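Heads up, the thing below is written out as structure tokens.
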Amino acid sequence: MNAQVQIDAQVRELSYAEAIREAMAIALERDPAVVLMGEDIGTYGGAFQVTGDLIDRFGPDRVMDTPISELGGAGVAVGAALTGLKPIFEFQFSDFAALAMEQIVNQAAKLRYMLGGEAEVPVVFRMPSGSGTGAAAQHSQSFEAWFGHVPGLKVVQPSTPAEAKGLLLAALADPDPVIVFEHKLLYKMKGPVPAGHYITPIGKAAVVRPGQHVTIVASAIMVHRALEAAAKLAREGIEAEVIDLRTVRPLDRETIIASVKKTGKLLCVYEGVKTLGVGAEISALVAESEAFDYLDAPIQRLGGAEAPIPYNPDLERAAVPQMPDIERVARQLAKGEV
Amino acid sequence: MMRDTQENTPFAIRQFSPAQLREALRKMHLIRLFEEGAEESYMRGLIHGTMHLSIGQEASAVATCMELTDADKITSTHRGHGHCIAKGADVGRMFAEFFGKETGYCHGRGGSMHIADVKTGNLGANGIVGGGLPIAVGAALTAKRLGRDDVTVCFFGDGANNEGAFHEALNMAAIWKLPVIFVCENNKYGMSTAAAYATAVPNIADRAVAYSMPGVTVDGNDFSAVAEALHDAIARARAGEGPSLVENLTYRWRGHSKSDRNRYRTKDEIEEWMSRDPIARFRAELIAHGVLDEAEADAVEAEAQAAVAAGIDFARQSPAPGIGDVTKFVHAEVAA
């Protein structure tokens, strides 16, 4: 497998959705074993227009509309991956993966282990996720922690167009099942994306803004809210270090621990429900590590409310961390007010 | 030896060579003796956990796999020892797996419920009822997409026909005309719940109508009837004409698993089915049609007996996995 990083000099402005589409087009061109599967990904172009015109370019045998059968469809992708194809299976909304937990958790995640390493399941599940679209409780959830709890799965959460492309190509190159949580509010966000094939490594977080007063570990859209908060705090002389988590499983312990040892303060920001969420694991790994001795304040978490995502727009905003929440808690941490 | 050429000669006798038929009988004995050996080893504490025995269902497993090659795939069930042996697995490595040894097919990580042999095309038994159905469709999709002519046989029990996965899988196999054969081993009970109670149609093969595929119900204890149904279904699959559903009516002599107290069925029923022993029936058929004589048939059984004894020895003498390797095989090992 050619995992070599080949970045063309050319960098264009693409949206997050366009970057994902470009990654899939590259994959389809490079490897005849790659197939796309999902509901309405063909002529319709996907519910969020991520597959777009790929059916015109690659045909219905490689860009396969599935019936509305999430469990069966995911299982077909697992069986195909087990026998030589490399399917990228799109759930129309990550919420619908609840219908397919059996195949993802009991089958895809465990087959290599149950079979003693004699088989592999190189499947990629793409999951449009997150709130902010007014779609209410069954079309807005953030399930990263659910899947992050399962040995055998890898879970990534790109926050920019370039990451979305690089992490998807990394997921495809990985011989094990990878779940890609794409944030729906980011699909239209534009950013620089290198042309050609390249990989953003799974399991590596990125320090996207260096600082020495407080560490903010964030993922997906929370990275952008954290960066906005950090820019505001900088005007007050508070330098927040913002870490883009990128991968939920396996967590990049080194980057997080090194940052906390430097700043002595940790704020975890994540959209999933706060209790037993990704930030709980990050807090625990820091508390268990040598970084514990460097902490100058209690670890803080900002996560989703203990409620389903509500419909009313004000309630919906209130249900997940927003920029002012991050700014406020990071300031309190930096000033020793926690 | 004279071969019977009459019109009423069973399909299997006409279709297969004496060597193939002898091998089929050997595999049926091997399944029975393997499971008896596993049961005894369990009683003696050499195997822990639980197991689901298919004693009484041997014709279904062996006849179904008669025309499959190693390139063809099967997905199997929690009652999957017979399928594994029928597809060509070595009983020594199977016993080693049951004994939790590193030499087992799954290196001691899977046990009875996940027994597999990928090299002979067995993608694995499955602990989830219906779990293998969509996976089999995926394996058939691979064959079609890559232009290979292998087929996939999906074994499942009567219980699985009421899982959503069954319906989703059959529908997708049909709309994409995939080379998959769904083989239902209807042994009358999903654990304790009778198929007659739990299923709205009289025969599980009736479900095929809803998915526009042929569906047949056969006597699953009649080797030849099963082999003939599979012959037609495999030919259809290889010709690109799509999936089929075959229902093998059979019966497990033992309980569902080791905890079963058999409260949901009568002694008479069990005894009645034991009198329809598929192995005795096949053996008698082979002798009646001059494929084997009594002494040759005895030799076949003795051969299987020796393989089982050797397999248990191999398993007992095999090393256990290292305790430090508990997370080995969770992910691919990354080359340094």
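Nothing in this text is a laboratory measurement; each read-out follows from the coordinates by a stated rule. Everything numeric here is computed off the predicted structure, so don't read it as measured data. So basically every Cβ, Gly included, is an ideal-geometry build from the backbone, and we count neighbours across all protein chains shown.
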Distance in nm between label sites at B:VAL209 and B:ARG276, each 7 Å beyond Cα in the beta-carbon direction? 2.3 nm
In whole Hz, with x marking every Gly and Pro, tabulate ³J(HN,Hα) for the stretch A:111-127 from phi via Karplus 6.51 cos²θ - 1.76 cosθ + 1.60, θ = phi - 60°. 4, 4, 5, 4, 9, x, x, 8, 8, 9, 10, x, 10, 10, 10, 9, 10
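How big is the charge dipole of the protein assembly as shown about its Cα centre, in debye rounded to the nearest 20, if each Lys and Arg gets +1 on its Cβ and each Asp and Glu gets -1 on its Cβ?
Details: 65 positive and 86 negative charges, 299 e Å.
Taking the Cα centre of the protein assembly as shown as origin, the dipole is about 1440 debye.
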Taking chain A as a Gaussian network, Cα atoms linked when under 10 Å apart, which of A:LEU245, A:LEU186, A:LEU285 shows the biggest mean-square fluctuation? A:LEU285
The exposure ranking of A:ILE243, B:ILE287, fewest beta-carbon neighbours within 10 Å first, is B:ILE287, A:ILE243
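Ranked by Cβ crowding within 10 angstrom, fewest neighbours first, how are B:LYS27, A:LYS165 ordered? Can you show the working numbers first?
Numbers: B:LYS27 24, A:LYS165 28.
Starting with the residue having the fewest Cβ neighbours, the order is B:LYS27, A:LYS165.
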From Cα coordinates alone, what are the radius of gyration and Dmax values for the stretch A:206-334 in angstrom? 13.7, 44
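Counting other beta carbons within 10 Å of each residue's own, what order do A:VAL35, B:VAL330 fall into, fewest first?
The order, fewest Cβ neighbours first, is B:VAL330, A:VAL35.
Take every DSSP beta bridge with both residues inside the stretch A:206-334 and express the antiparallel ones as a percent of the total, to the nearest 5. Don't skip to the answer; put the middle values down first.
Details: 3 of 16 bridges.
Expressed as a percentage, antiparallel bridges in the stretch A:206-334 total about 20.
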Cross-link partners among lysines for A:LYS184, C-alpha distance below 21 Å, same-chain residues fewer than 8 apart left out? A:LYS154, A:LYS165, A:LYS274
Pop out the ³J(HN,Hα) list for the stretch B:237-254 in order, Karplus 6.51 cos²θ - 1.76 cosθ + 1.60 with θ = phi - 60°, rounded to Hz; leave Gly and Pro as x. 5, 5, 7, x, 8, x, x, 9, 10, 10, 10, 9, 7, 8, 7, 9, 6, 7
Along the positive direction of the dipole of chain A (beta-carbon charges: Lys, Arg +1; Asp, Glu -1; about the Cα centre), which of A:GLY75, A:LEU186, A:THR215 reaches farthest? A:THR215
Mind listing the long-range amide H neighbours of A:VAL63? Cut-off is under 5 Å, sequence gap 5 or more, other chains count too, H placed in the peptide plane at 1.01 Å from N. A:LEU36
Short version: ³J(HN,Hα) in whole Hz for each residue of the stretch A:206-212, in order, from phi by Karplus 6.51 cos²θ - 1.76 cosθ + 1.60 (θ = phi - 60°), x for Gly and Pro, what are they? 10, 7, 9, 8, x, x, 10
Calculated over the protein assembly as shown: convex hull of Cα atoms, volume per residue (Å³): 174 Å³
The Cα extents of the stretch B:92-227 along the principal axes, largest first and rounded to whole Å, are 45, 42, 31
Enumerate the amide H contacts of A:VAL155 below 5 Å, restricted to partners 5 or more residues apart or on another chain; note that Pro and chain-start residues carry no placed amide H. A:ILE179, A:VAL248, A:ARG249
If you line up the Cα atoms of the stretch A:13-194 on their principal axes, what length do they span on each, largest first, in Å? 44, 37, 30
Computed over the stretch B:23-314, Cα set: Rg, Dmax in Å: 18.0, 51
Which GluC sites (Glu not before Pro) in the stretch A:168-256 sit in a loop by DSSP (not H, G, I, E or B) and have at most 14 other Cβ atoms within 10 Å of their own Cβ? A:GLU236
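Which percent of the Cα-Cα distances in the stretch B:179-331 go past 25 Å?
The share of Cα pairs beyond 25 Å in the stretch B:179-331 comes to 55 percent.
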Looking at chain A from every direction and averaging, what is the projected area of its Cα convex hull in nm²? 16.8 nm²
Run the helix sum for the protein assembly as shown: -39,500 (n - 2.57) per DSSP H stretch of 4+ residues, divided by residue count, reported at 222 nm to the nearest 500 deg cm²/dmol. -11000 deg cm²/dmol
